[in-house]
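Quick notes on the structure that follows.
Bear in mind that the values in this text are calculations on the coordinates, not laboratory data. Everything numeric in this text was worked out from a predicted model, so none of it was measured. FYI the Cβ positions are ideal-geometry reconstructions off the backbone, even for glycines, and counts take in every protein chain you see.
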Amino acid sequence: MLLPVNDACLVLDFDGTILDTEESMYSSWVELWNHHGHELALAVWQENIGTKDAFDPWAELENRMGRPLDPTFRERRRIRRDELQAQHAARPGVVAWLGEAERLGVPVGIASSSPAEWVDGHLERLGLKRFVSCVVCADGVVPAKPDPTSYRLACERLGVDPRRSVAVEDSPHGVAAAVTAGLFTVAVPHALTADLDLSAADLLAVSLEALTLAETMAEARQRATS
């Protein structure tokens with residue numbers, strides 16, 4: 001029999017974990033770079049996954065071209081990103097885990113390196129906002145991952161023990177943040193992070209469909225009490 005979990009929570013990363021925004025983001029920048037005769041290598045882009053400001057694709061493209069870019073290309077790139085993003089629903093297993101959290105009475109938080117308006121907007125579009133009690137995003141006060149502050153704050157605001165809680169991540173930066181904050185960390189990579197080192201996570205899964213939240217929280221509790 002599973003032990004009660006009301007002293008623990010589920011905290012999910014957003015980009016690449018709840019919703020695959022990474023592919024549309026990368027593809028839109030690749031198209032812009034290709035338009036200007038340059039290649040944006042995946043290995044370079046991966047520096048930014050799960051964090052922010054590690055690599056500025058606009059500034060780097062201007063640097064390679066040796067001149068400023070027409071500012072209208074910035075808005076065109078955003079429009080193209082949104083066109084591509086509209087094709088994506090929540091990643092496999094996410095809705096099932098959120099529903100399971102609701103049934104178990106497990107509070108759900110989000111810890112993200114993206115702006116709050118980006119995360120909230122997509123949660124509304126996907127119809128997932130009702131499942132989420134707490135959203136902590138990187139801003140002028142909360143630093144981006146791999147700093148663990150977003151995870152620590154999410155657990156603090158939900159009033160739970162991070163050592164008994166579960167985090168879900170898709171990138172090395174995110175895994176590092178969750179592990180440092182003390183959460184039992186599940187890594188679920190996607191196409192852009194599948195070749196990165198996620199071995200610091202407690203579990204590595206191809207999809208959340210391969211796991212249940214109840215079983216994963218039981219593992220977190222066992223680790224915390226061992």
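The table below lists the values:
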read-out	value
Relative contact order (percent, whole number), the chain, Cα cutoff 8 Å, 6+ residue spacing	27 percent
Segment Ala41-Met65, length gained on full extension (0.36 nm per residue, minus Cα span)	7.0 nm
Length-normalised contact order of region 22-85 in % [C-alpha pairs under 8 Å, at least 6 apart]	45 percent
Packing-based order for 141-153, 180-192, 42-54, 70-82, using average beta carbon neighbours within 10 Å, highest first	180-192, 141-153, 42-54, 70-82
Label-point separation in nm, Phe55 to Phe73, each point 7 Å along Cα→Cβ	1.7 nm
Gyration tensor verdict on region 22-85 (Cα atoms; rounded if a/c is under 1.5, prolate if a/b is larger than b/c, oblate otherwise)	oblate
Prolate/oblate/rounded label for the chain (Cα gyration tensor, a/c 1.5)	prolate
Proxy reagent accessibility, fewest Cβ within 10 Å first, across Phe131, Phe55, Phe14	Phe55, Phe131, Phe14
Label-point gap, in nm, between Glu209 and Trp118 - each point 7 angstrom along Cα→Cβ	2.7 nm
Helix-only [θ]222 nm of the chain, DSSP H runs n ≥ 4, -39500 (n - 2.57) each, per residue, nearest 500	-12500 deg cm²/dmol
Full-stretch length increase - Glu219, Glu83 - with 0.36 nm per residue and alpha-carbon distance subtracted	45.0 nm
Likely footprinting exposure, His36, His173, fewest C-beta neighbours within 10 Å first	His36, His173
Interchain or long-range residues, amide H under 5 Å from Thr185's placed H	Ala167, Asp202, Leu203
The chain, dipole about Cα centre (Lys/Arg Cβ +1, Asp/Glu Cβ -1), debye to the nearest 20	400 debye
